[in-house]
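To start, the structure itself, in structure tokens.
The values are calculated or read from the model by the stated rules, or taken from the named source; none is laboratory data. Because the structure is a prediction, the values reported are computed rather than measured. Cβ: placed from backbone, ideal geometry, glycine included. Neighbour counts: every protein chain shown. What goes into the accessible areas is simple: the full protein's heavy atoms, side chains included, and nothing from ligands, DNA or RNA. Shrake-Rupley method; radii C 1.70, N 1.55, O 1.52, S 1.80 Å.
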Amino acid sequence: MLEIRGLTTHYGSSQALFGVDMDLDAGQVVTLLGRNGMGKTTTINSIMGIVKASGGSIRFMGEELVGRASFRTANLGIGLVPEGRQIFPNLSLRENLVATASNHLGQADPWTIDKVFDFFPELATRTNSMGNLLSGGEQQMLAIGRALMTNPRLLILDEATEGLAPLVRAKIWDALERIAGEGMSILVVDKNLADLMRIASRHFIIQRGQVVWSGSTADLQADETARQTYLGF
Ligand code: ATP
């Protein structure tokens with residue numbers, strides 16, 4: 001579904017990605033791991049065209065994404081849950097869900113507000129609250145719901161549980177596990193390795209802008225050296 005080869009990205013004269021290679025098959029949950037500043041967000045933003053790749057290839061469902069405008073990438077079926085949630089502060093919860101909703105691919109049984117509320121019941125009682133008045137956990141659930149309302153084939157989450165209380169984090173992981181169980185392909189960046197190992201089947205570790213390790217959950221569990229060296233735990 002997603003095939004990244006030799007991806008390079010620069011911020012001005014400073015190079016952040018030095019040839020990232022990674023793959024994700026349809027229906028898989030894949031993680032991109034690494035310490036702070038190693039290039040996880042840059043990889044995700046390069047996929048989405050939020051930052052411009054300077055070289056290499058990103059193919060999604062056979063289409064080249066490098067050089068494509070972000071909205072055209074989104075229309076191909078990639079839903080982003082961005083770092084920092086980026087909820088529209090002056091729209092209500094319901095308006096946040098419908099503002100970017102679409103079904104460009106004509107998916108059968110598309111996501112609806114009620115289906116989002118089924119996954120995140122906490123949101124159902126807050127429909128008229130403005131985005132900036134929601135708690136961090138509610139905003140995060142809303143950011144996931146907003147991405148699902150675009151009926152993506154691939155959901156990308158950048159630090160979806162950062163700064164949230166353990167109980168809220170658990171709710172988000174449970175919902176993601178259910179969403180994955182429905183066959184959604186998911187690429188996730190997060191620091192909660194134990195939760196990631198529960199829901200993901202394949203992992204890529206990035207170090208200074210390059211993928212230095214990849215393998216299955218069992219491989220990652222067994223490879224304490226890789227975990228210590230690249231992740232610090
Ligand atoms: P974190 O977990 O801290 O978000 P990350 O793995 O997502 O880290 P990136 O944010 O992709 O890392 O950063 C990769 C490198 O690119 C870092 O050296 C960072 O300083 C640099 N970088 C990121 N954004 C910019 C920017 N807007 N301008 C210049 N350099 C940047």
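3J(HN,Hα) along the range 114-123: 4, 5, 4, 5, 5, 6, 10, x, 4, 6 Hz, from the Karplus curve 6.51 cos²θ - 1.76 cosθ + 1.60 with θ = phi - 60°, whole Hz, x for Gly and Pro. What the range 2-231 shows is 43 Å² of accessible area per residue, with the surface traced by a 1.4 Å probe over protein heavy atoms. Accessible surface comparison of S46, S129, probe 1.4 Å, protein chains only, largest first: the order is S129, S46. The string of couplings for the range 6-21 from the Karplus curve (6.51, -1.76, 1.60, θ = phi - 60°) is x, 5, 10, 9, 10, 10, x, 8, 9, 8, 9, 10, 10, x, 7, 10 Hz, one whole number per residue in order, with x for Gly and Pro.
Label sites at D25 and E122, each approximated as a point 7 angstrom past Cα along Cα to Cβ, lie 3.4 nm apart. I'd like the distance between the alpha-carbon centres of the range 78-148 and the range 158-196, rounded to an integer number of Å. Result: 16 Å between the Cα centres. Enumerate the amide H contacts of V81 below 5 Å, restricted to partners 5 or more residues apart or on another chain; note that Pro and chain-start residues carry no placed amide H. Excluding prolines and chain starts, which carry no amide H, the hits are I156, L157, D158.
Rolling a 1.4 Å probe over the protein chains gives F60 an accessible area of about 0 Å². Modelled spin labels at E177 and T100, positioned 7 Å past Cα toward Cβ, are 2.8 nm from each other.
The amide H of G19, built 1.01 Å from its N in the peptide plane, has L7, T8, T9 as neighbours under 5 Å, considering only residues 5 or more places off or on other chains. Amide H to amide H, with H built 1.01 Å from N, T31 comes under 5 Å of V188, R202, H203, F204, counting only residues 5 or more places away or on other chains. Projecting the Cα atoms of A26, G12, L2 onto the dipole axis of the range 1-99, where Lys and Arg carry +1 and Asp and Glu carry -1 at the beta carbon, places G12 farthest toward the positive end.
Along the range 75-91 the Karplus relation, 6.51 cos²θ - 1.76 cosθ + 1.60 evaluated at θ = phi - 60°, assigns HN-Hα couplings of 5, 6, x, 10, x, 9, 9, x, 4, x, 6, 6, 5, 5, x, 9, 10 Hz to successive residues, with x for each Gly and Pro. With a cut-off of 13 Å between beta carbons, the residues surrounding Q107 carry a summed charge of 0, where Lys and Arg count +1 and Asp and Glu -1. Rolling a 1.4 angstrom probe over the chain with all protein chains present gives an accessible area of which 49% lies on carbon and sulfur atoms.
Potential lengthening of the chain between N90 and E224 amounts to 43.6 nm, from the contour at 0.36 nm per residue minus the alpha-carbon distance.
Taking every DSSP helix (H) stretch of at least 4 residues in the chain, weighting each as -39,500 (n - 2.57) and dividing the sum by the residue count yields a mean residue ellipticity at 222 nm of -9000 deg cm²/dmol.
Local charge for T41 was computed over the other residues whose Cβ lies under 9 Å away, with Lys and Arg +1 and Asp and Glu -1, and equals -2.
For the range 2-231, averaging the sequence separation of C-alpha pairs within contact (under 8 Å, six or more residues apart) and dividing by the residue count gives a relative contact order of 28 percent. Other residues lying with their Cβ under 15 Å from the Cβ of A26 contribute a combined charge of -2, Lys and Arg counting +1, Asp and Glu -1. Relative to the longest principal axis of the Cα atoms of the chain, helix 166-181 runs at roughly 80 degrees.
Ordering W173, W111 by accessible surface, largest first, gives W111, W173; the 1.4 Å probe counts only protein heavy atoms, with every chain in place.
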